[in-house]
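*Asks:* What follows is a structure written as structure tokens; I'll ask about it next.
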Amino acid sequence: MVITDRYPLKGITSYTTYPSGSMKDCILEEYNEICMGNHRFIPRFNGPDERRKDNKAVSFYESGVVKSIALDERTEVLTPLGLIRAELITFYESGAIDSLFPLNGQIGFGWSLEDEEQLLENMEFKLSIAEFTTKIIGVRFFGNGKLRSMILWPKKTIELKTPLGNYPVRIGFRLYEEGGLESFEPAVPITVGTTIGTIIAFDQNAVGVDADYNSVKFYKDGTLKSVSTNSDVVTNRISATERMVIYQQIRLDMVSGEMVKIPVIITFDEDNVTIDNAVEKHIFPIQDTKFLFLHDGSYVGKKCSPGSDCSGCGASCM
């Protein structure tokens, strides 16, 4: 038996520590129980198989408080959203639930995303911004238990009521602690009316495993904070008769090996707008600037930004 600062654990086969010497995480081979609040959790102790690799069963904060538990079997957890069956749970240092994931299998040789989805049931949610039934990757909560964000299962979409209207959503959304919508990821390119004109909001390369960083964001009062767009932007300063073209940048996608475009992020405040293409950031006064958005709706994969030397695609975009 190995004694952590707070929990006696049996059957530890390997573990790592913080520089202070306190346990950071461990792998188990014997049955253990960990009590967190009103829940009794059984961390994973069975060996690896086709679906589950030999990963850590429990991780800890340096203080000794449990940080995450990979459960040996799916377990019902009572949340403000109702009972949710989970295989992986993370915690705040206070002991409150931080995030909850219904499944924790690893996609790889011999186990596909489709195989994993077959284990997942649809869940019904009733929120102030929507009521829907879908499959999810996970949910995150604030320390007080209120919903912070929801990550949808790949290719699943829902419809949300936003300050801009009702829109189809993929990947997920994030809320403010007060309950208002902070951000969402559009399922398709959507037209957004702004103080500087109409913008098509979309990120065709949005990462599908995290709903905390989305293409459309709002301030707490519901006004538009920022949008991500697959557009080049032309600006004209009225007083200075100054013209600028801000192009989308390209990068190598580490998964597909193809060149992909990085969306331009446009952020609004009361009097100015900031345009960020991931290389340079420019601030323009709204009343002294005209904007033109050139949406690249036909972009497939190897097309270069206008004005580039085409070295990234061998001129295949010409």
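The values are calculated or read from the model by the stated rules, or taken from the named source; none is laboratory data. The structure presented is a predicted model; accordingly, all values stated were derived computationally and were not measured. Note that we place each Cβ from the backbone using ideal geometry, even for glycine, and neighbour counts take in every protein chain shown.
*Asks:* Quick one: which residue in 19, 43 is under 21 Å from residue 105 (Cα atoms) and out of contact with any helix residue (DSSP H, G or I) (no Cβ under 8 Å at 6 or more places or on another chain)?
*Replies:* Going through 19, 43 in turn, just one is under 21 Å from residue 105 (Cα atoms) and out of contact with any helix residue (DSSP H, G or I) (no Cβ under 8 Å at 6 or more places or on another chain): 43.
*Asks:* Follow-up question, since we're still on this one. Being surrounded by 15 or more Cβ atoms within 10 Å (Cβ to Cβ), within 21 Å of residue 32 (Cα to Cα) and charged (D, E, K, R) is the requirement here; does residue 62 meet it?
*Replies:* Yes: the conditions hold for residue 62.
*Asks:* Counting just the residues of segment 94-119 that are surrounded by 15 or more Cβ atoms within 10 Å (Cβ to Cβ) and in a loop (DSSP other than H, G, I, E, B), which one comes out modelled with the lowest pLDDT?
*Replies:* By that ranking, first place goes to 105.
*Asks:* Return the total of residues in segment 54-89 being of a type in the set (A, V, I, L, M, F, W, C), part of a loop (DSSP other than H, G, I, E, B) and under 28 Å from residue 179 (Cα atoms).
*Replies:* The number of residues fulfilling the criteria is 1.
*Asks:* Looking at the structure I just gave you, is residue 217 buried (at least 19 other Cβ atoms within 10 Å of the Cβ), in contact with a Lys or Arg (Cβ under 7 Å, 6 or more places away or on another chain) and either of a type in the set (Asp, Glu) or part of a strand (DSSP E or B) (or both)?
*Replies:* Criteria met by residue 217.
*Asks:* Just one of (1) in a loop (DSSP other than H, G, I, E, B); (2) out of contact with any Gly (no Cβ under 8 Å at 6 or more places or on another chain) trips up residue 51, so point out which.
*Replies:* (2)
*Asks:* Count, please, the residues in segment 129-173 that happen to be at positive phi, out of contact with any strand residue (DSSP E or B) (no Cβ under 6 Å at 6 or more places or on another chain) and not in a loop (DSSP other than H, G, I, E, B).
*Replies:* 1
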